[in-house]
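**Student:** One structure, pasted below without further comment.
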Amino acid sequence: MPGWNATNIPDQSGRTAVVTGANSGIGYVTARELARRGAFVVLACRSAARGKAAEVRIRTEVPDARVEFAALDLADLASVREFAARYAQRHEALDLLVNNAGVMALPYGRTADGFETQFGVNHLGHFALTGLLLPRLRAAPPGARIVTVSSGFHALADVDLEALAALDTGGADGYRRWIAYGRSKTANLLFTHELSRRFAAAGSTITAAAAHPGYASSNLHAGAARLEGPGLTSRIAAAGNAFLAQPAAKGALPTLYAATAPGVGPDEFIGPRFGWRGAPVRSWRAGRTLDDTAAERLWKASESLTGVSYASLPR
């Protein structure tokens, strides 16, 4: 694992991948490098203009790339269902699902279905997408993987399970955007933990793992810096993005490792060696993200909120 980089990605010929948020940042690099190694990659993006531009750009950088854009808005469960239905019509199997798309530290808002935006996009949208694509993942040859991109910021907050038990994903009163972001990233890890447990109980060969990019230069960090306003905090954030953050090509390596490297096990969390940058290694994670009870409670609430049931997996 030390020194692992994109040249170490095994041959992906014959494999099909879906990468959410593939139009920019680490999602774009992930999609491009998978295509470079022979995978057929679906670029699942909210914006048609940016998604199609990314498709053209990848074909320019990798002339023999096999990629296609498909519309997916994780803030709208109807769009998630439409994407999954279109995918099932066009493809018999899915070898790799990379749940990469996300929003970071946004002002308070709600998704089309009424969920707090960060929790709705970062966790619930991907929970629904994974469940709806599960039949195609199960139809793939042994070795299919699901990689969900979390963050070191998961350490900021736990999921409010009592609120979720009441099917409440948060209101404007007392909203703190970084805490909300941390809560959604904790949810990503609890989801991976419970999904791994259920795959094991079902005897499935699908591996669910998680990754984080460390401090990577991306639209997420740039947008969060802009939201800090014109003061000192925003200038510090902008300077960090410019001088401390590793480029997206490096930030994508933990995701690519989790998605392709031999020997990645269930529920592993892959991140940069030094936490914020460096070659991919097995990463520290908060102990609460390994809590079976919390993971199961989040799972049940997520099924209720999204209306997506993983009926083929044991409860």
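The values are calculated or read from the model by the stated rules, or taken from the named source; none is laboratory data. Keep in mind it's a predicted model, so treat the numbers as computed, not measured. When we count neighbours, we look across all protein chains shown, and the Cβ atoms used for this are built from the backbone with ideal geometry, even at glycine.
**Student:** Applying the selection to segment 162-189, what residues are touching a residue at least 40 places away in the same chain (Cβ under 8 Å), over 14 Å from GLN118 (Cβ atoms) and either acidic (Asp, Glu) or surrounded by fewer than 16 Cβ atoms within 10 Å (Cβ to Cβ) (or both)?
**Tutor:** Selection gives ALA165, LEU167.
**Student:** Let me ask something additional. Can you tell me which of ALA70, ALA93, ALA128, ALA140 is aliphatic (A, V, I, L, M) and farther than 21 Å from ILE206 by Cα?
**Tutor:** Within the list ALA70, ALA93, ALA128, ALA140, the selection yields ALA70.
**Student:** While we're on this one: TYR175 - would you say it is farther than 16 Å from PHE269 by Cα, at pLDDT 95 or above and part of a loop (DSSP other than H, G, I, E, B)?
**Tutor:** So TYR175 passes the test.
**Student:** Something else about it: Contact list please: Cβ distance under 7 Å, first residue in segment 10-21 and more than 20 Å from LEU134 (Cα to Cα) and without any contact (Cβ under 8 Å) to a residue 40 or more places away in the chain, second residue in a loop (DSSP other than H, G, I, E, B) and not hydrophobic (A, V, I, L, M, F, W, C), pairs at least six apart or on different chains.
**Tutor:** Qualifying pairs under 7 Å: ASP11/ARG37; ASP11/GLY38; SER13/GLY38.
**Student:** Also, I was wondering about something else. Which one of these is touching a Leu at 6+ places or on another chain (Cβ under 6 Å), in contact (Cβ under 8 Å) with a residue 24 or more places away in the chain and not aromatic (Phe, Trp, Tyr): LEU156, LEU94?
**Tutor:** Within the list LEU156, LEU94, the selection yields LEU94.
**Student:** So which residues in segment 97-135 are buried (at least 23 other Cβ atoms within 10 Å of the Cβ) and in a strand (DSSP E or B), if there are any at all?
**Tutor:** Within segment 97-135, LEU97, VAL98, ASN99, GLU116 meet the criteria.
**Student:** Next question. If we keep just the residues of segment 249-283 that are part of a helix (DSSP H, G or I) and not small (Gly, Ala, Ser), which is farthest from SER24 (Cα to Cα)? Steps first, answer last, please.
**Tutor:** Of segment 249-283, the ones part of a helix (DSSP H, G or I) are 249-251, 253-260.
Then drop every residue that is not not small (Gly, Ala, Ser), which leaves 250, 253-257, 260.
Values: LYS250: 14, LEU253: 15, PRO254: 16, THR255: 14, LEU256: 15, TYR257: 19, THR260: 20 Å.
Only one residue fits best here, namely THR260.
**Student:** Any residue in segment 152-170 that is touching a strand residue (DSSP E or B) at 6+ places or on another chain (Cβ under 6 Å) and assigned to a loop (DSSP other than H, G, I, E, B)?
**Tutor:** yes
**Student:** Among the residues of segment 141-153 satisfying the criterion of being exposed (fewer than 14 other Cβ atoms within 10 Å of the Cβ) and touching a residue at least 60 places away in the same chain (Cβ under 8 Å), which is nearest to the chain's Cα centre (by Cα)?
**Tutor:** Taking segment 141-153 as the starting set, the residues that turn out to be exposed (fewer than 14 other Cβ atoms within 10 Å of the Cβ) are 141-143.
The next check asks that each one be touching a residue at least 60 places away in the same chain (Cβ under 8 Å); those that pass are 142-143.
Working: PRO142: 22, GLY143: 19 Å.
Taking the candidates together, the pick is GLY143.
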